[in-house]
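Let me begin by presenting the structure, written as structure tokens, before commenting on it.
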Amino acid sequence: MKLKSLITAAAITALSAGGALADAHGGKLKVGMITTLSGGGAGLGIDVRDGFMLAIKGNDQIEVVTEDDQQKPDIAVQLADKMIQSEKVDVLTGIIWSNLAMAVVPAATAQGKFYLSPNAGPSALAGKGCSPLYFNVSWQNDAFNEAAGAWANENDIKKVFLMAPNYPAGQDMIAGFKRFYKGEVAEEVYTKLGQTDYAAEIAQIRASDADTLYFFLPGGMGISFMKQYAGSGVEKNLMGPAFSFDQGILGAIGDAAVGVKNTSHWSKDIDNEANKKFVADFQAEYDRLPSLYAAQGYDTALLLVSAMGKADVNDAAAFQAALEEADFASVRGKFKFGPNHHPIQDIFMREVVKEGDIVTNKILGVAATDHTDVYGAECKM
């Protein structure tokens with residue numbers, strides 16, 4: 001029997017051996033949410049948590065245990081072990097960062113736990129490292145960048161300077177852009193994860209003959225970079241995936257981001273009833289505009305609720321099939337899973353604009369239709 005088959009069999013046995021886990025939780029499904037709630041990436045984790053909790057508000061069939069991973073892989077592993085072994089959770093979710101996902105997800109699924117990713121989408125988990133129990137509800141890391149590369153070709157962007165943090169997501173993001181971009185790459189720079197001083201990189205950008213800077217710097221990294229870049233006097237077109245220009249970052253940067261182009265699967269101005277309700281409810285509940293992270297947390301919870309309506313989590317095969325149906329009204333509109341349990345969805349090009357006193361994003365058009373990742377061919381479930 002192949003190794004993956006052994007792992008899958010062990011996972012299903014572990015789920016079955018859980019017996020009446022739902023009974024042990026008073027008839028509830030127990031969710032372990034491990035996410036980043038402190039430090040420079042806290043805004044991302046808070047938004048995922050808040051979106052998830054909004055979607056299950058009033059639902060007495062779900063219990064959520066939430067812990068802060070502090071953006072540290074070793075802490076995330078410890079928390080996952082505790083949630084699986086002591087808390088006896090049925091489903092895990094919440095991780096923001098790809099290096100943390102790589103530390104937690106393979107071990108969690110091998111122990112028979114479903115993992116629903118509301119954010120991190122490392123290529124390793126989309127391809128050879130895929131699992132029947134792992135579902136990504138956000139995107140595969142390359143996706144927004146592939147769409148951006150195609151858009152750059154169509155809009156005569158001839159030479160780019162590429163920059164991202166040196167960790168799995170940063171490497172995937174740049175690889176995705178280069179896979180589709182047909183122009184010239186002036187320089188490709190990888191920064192330290194969590195870096196806050198970008199003076200050296202800005203000097204490199206200034207000296208470059210690139211016409212456009214394409215970068216991925218999420219959370220506090222993006223805020224620090226954009227503030228320093230805005231004051232540097234360097235004038236190059238700015239592009240990137242939405243993570244560098246999300247609502248939380250724009251609130252901290254302000255007018256300096258106006259005009260920036262960025263790709264995303266979600267925007268607050270997507271015109272469907274599910275999204276209109278989500279945006280209105282999120283603002284009413286938390287007194288702020290939602291971000292794409294909040295939208296992903298919300299959709300992750302809706303997916304979970306949809307599967308609970310069709311199958312018992314203790315029946316691994318039935319619950320997997322129910323998740324695969326993705327029978328919920330996504331705030332994104334069209335949404336379905338590919339055979340590797342990663343999304344097939346449209347990706348939009350957005351522009352940062354100012355609406356009254358608020359700096360936010362609006363959709364310019366579709367950058368990629370029914371986009372799927374390139375790693376699925378390597379996934380053998």
Contact order relative to length of the stretch 243-376, as percent, for alpha carbon pairs under 8 angstrom and 6 or more apart: 31 percent
Point-charge dipole on Cβ atoms (K/R +1, D/E -1) for the chain, about Cα centre, debye to 20: 520 debye
Flagged links, alpha-carbon separation over 28 Å, of LYS128/LYS159; LYS30/LYS268; LYS72/LYS128; LYS57/LYS268: LYS128/LYS159; LYS30/LYS268
Most mobile listed residue (HIS371, HIS265, HIS342) in the chain, GNM with C-alpha springs under 10 Å: HIS371
Cβ-Cβ FRET estimate between ASN237 and ASP312, R0 fixed at 56 Å, reported to 0.05: 0.60
C-alpha long axis of helix 219-230 to longest principal axis of the chain, angle in °: 10 degrees
Relative contact order (%) - criterion: Cα under 8 Å, at least six apart; region: the chain: 18 percent
Stokes-Einstein D (µm²/s) once Rh is taken as the Kirkwood radius of the chain over alpha-carbon pairs, at 4 °C in 1.567 mPa s: 62 µm²/s
FRET efficiency for ALA203 and VAL366, using Cβ-Cβ distance with R0 set to 45 Å, rounded to 0.05: 0.80
Rg over Rh, two decimals, the stretch 196-316 (C-alpha only, Kirkwood Rh): 1.11
Added length on full extension, which subtracts the Cα-Cα distance from 0.36 nm per residue, GLU273 to GLU325: 16.7 nm
Residues of type aspartates and glutamates that LYS182 reaches as a straight line, Cα spacing below 20 Å, ignoring anything fewer than 8 places off in the same chain: ASP142, GLU146, GLU154, ASP156, ASP172, ASP209, ASP211, ASP373
Rounded, prolate or oblate (a/c below 1.5 giving rounded, otherwise prolate when a/b exceeds b/c) for the stretch 246-287 by Cα gyration tensor: oblate
Helix axis angle, 168-180 relative to the chain longest principal axis, alpha carbon, degrees: 60 degrees
Normalised alpha carbon radius of gyration of the stretch 228-381 [divisor 2.2 N^0.38 Å]: 1.20
When each of LYS192/LYS227; LYS28/LYS82; LYS310/LYS334; LYS227/LYS261; LYS82/LYS192 is checked by Cα-Cα distance, pairs over 23 Å: LYS82/LYS192
Potential extension, GLN85-GLU184 segment - 0.36 nm per residue separation minus Cα distance: 30.6 nm
Shape of the stretch 42-122, Cα gyration tensor, a/c cut at 1.5: oblate
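Laboratory data are not the source of any read-out in this text; all were calculated from the coordinates shown. Bear in mind that the values here come from a model prediction, so they are computed numbers and not experimental data. Positions of Cβ are backbone-derived with ideal geometry, glycine not excepted, and every protein chain shown enters the neighbour counts.
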